[in-house]
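The values are calculated or read from the model by the stated rules, or taken from the named source; none is laboratory data. These numbers were taken from a predicted model, which means no experiment stands behind them. Please note: Cβ atoms are built from the backbone with ideal geometry, for glycine as well, and neighbour counts cover all protein chains shown.
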Amino acid sequence: MKIIRDPGRLNRLLKALSRSGKSIGFVPTMGALHPGHLSLIKQARRDNDTVVVSIFINPAQFGPKEDLNKYPRPLKNDLALCRKARVDLVFLPDSEIMYPEGFCTFVHVEKLANILCGATRPGHFRGVATVVAKLLNIVVPSVLYLGQKDAQQAVIIRRMVSDLNFPVKVKVMPTVREKSGLAMSSRNAYLSEQERGNALVLFRALNLAKVLIRGGAKDTVRIISRVKQLINKHKNVKIDYIAVMDSMNLKPLKRVTGNCLVALAVYIGKTRLIDNILI
Ligand code: PAF
């Protein structure tokens, strides 16, 4: 496994591989790899000749009051996991090379970036879209792998890829969960034992929405109100949002008439967790 820090060097190497007909699967990450990331890497390994993983904690997607400095950085373990998962290349740039002095070009995916998580985290998706656009230009992959856990991020990146004609296929892989139902996330590391217990409410709430919808409930105001009631029974838990929407464009639905995406963001103590379910 090669570790490359220089974007130009990685780009030359990968372009040469592409020219020789090799397919490239790309998994962008911020490190702190968990089974969710590993499922993306496994799929990329199954589908492609070459697998590239980037590990870059992207400062542009953190707000001034967010956890950039606190974000976990278990690099040695991440590299060992990549090696074990037979990753070919790890791209490990630093902030200075990704955002050199004078950097001032950003990608803003209008309408989709300021709602849901974007409403609470202004500028977050601008940072995500910008770094993913940069990474796509550097890696030039055949397939980009993303997790359904970050549903809004996946919709925004799909939109950007389509709007800006990036020549890449986007594959969104199912959320990986602990046995308890808790969705795998690097942020779970912030939870105390008791908060871990409280965090199960996210999965329970989504399951309640599923049971209601499968049972014929259509009115989304009533569905959301039942889900709110369930979550509010827990102490030290605060709802950021609960939404029932079209899974392709994130438009809120008044009535459920077919497939939909139910997504929520909830503070467990100080940690904000997100989860969603496709129904
Ligand atoms: O999902 C993440 O870990 C990040 O948002 C991503 C896609 C790697 C961009 O920094």
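Annotations
- Output for region 1-22, where each listed residue is in a helix (DSSP H, G or I), within 21 Å of residue 97 (Cβ to Cβ) and of a type in the set (Lys, Arg): 9, 12, 15
- For region 140-152, the set of residues classified as crowded, with 23+ Cβ neighbours inside 10 Å and not aromatic (Phe, Trp, Tyr) consists of 141, 144, 151, 152, listed by residue number.
Results for (1) at pLDDT below 95; (2) touching a Phe, Trp or Tyr at 6+ places or on another chain (Cβ under 9 Å); (3) surrounded by 15 or more Cβ atoms within 10 Å (Cβ to Cβ), shown as yes or no for each residue.
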{"position": "57", "(1), (2), (3)": "no, yes, yes"}
{"position": "65", "(1), (2), (3)": "yes, no, no"}
{"position": "70", "(1), (2), (3)": "yes, yes, no"}
{"position": "77", "(1), (2), (3)": "no, no, no"}
{"position": "80", "(1), (2), (3)": "no, no, no"}
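- Failed criterion for residue 185 (all others in (1) among the polar types (S, T, N, Q); (2) in contact with an Asp or Glu (Cβ under 9 Å, 6 or more places away or on another chain); (3) surrounded by fewer than 20 Cβ atoms within 10 Å (Cβ to Cβ) hold): (3)
- Of all residues in region 261-279, those satisfying the criterion of being surrounded by 21 or more Cβ atoms within 10 Å (Cβ to Cβ) and of a type outside the set (A, V, I, L, M) are 275, 276.
- Meets criteria (surrounded by fewer than 21 Cβ atoms within 10 Å (Cβ to Cβ), over 30 Å from residue 241 (Cβ atoms) and within 14 Å of the ligand (Cβ to nearest atom)) for residue 92: yes
- Flag if residue 169 is loosely packed, with under 15 Cβ neighbours inside 10 Å, over 24 Å from residue 91 (Cα atoms) and over 13 Å from the mean Cα position of the chain (by Cα): no
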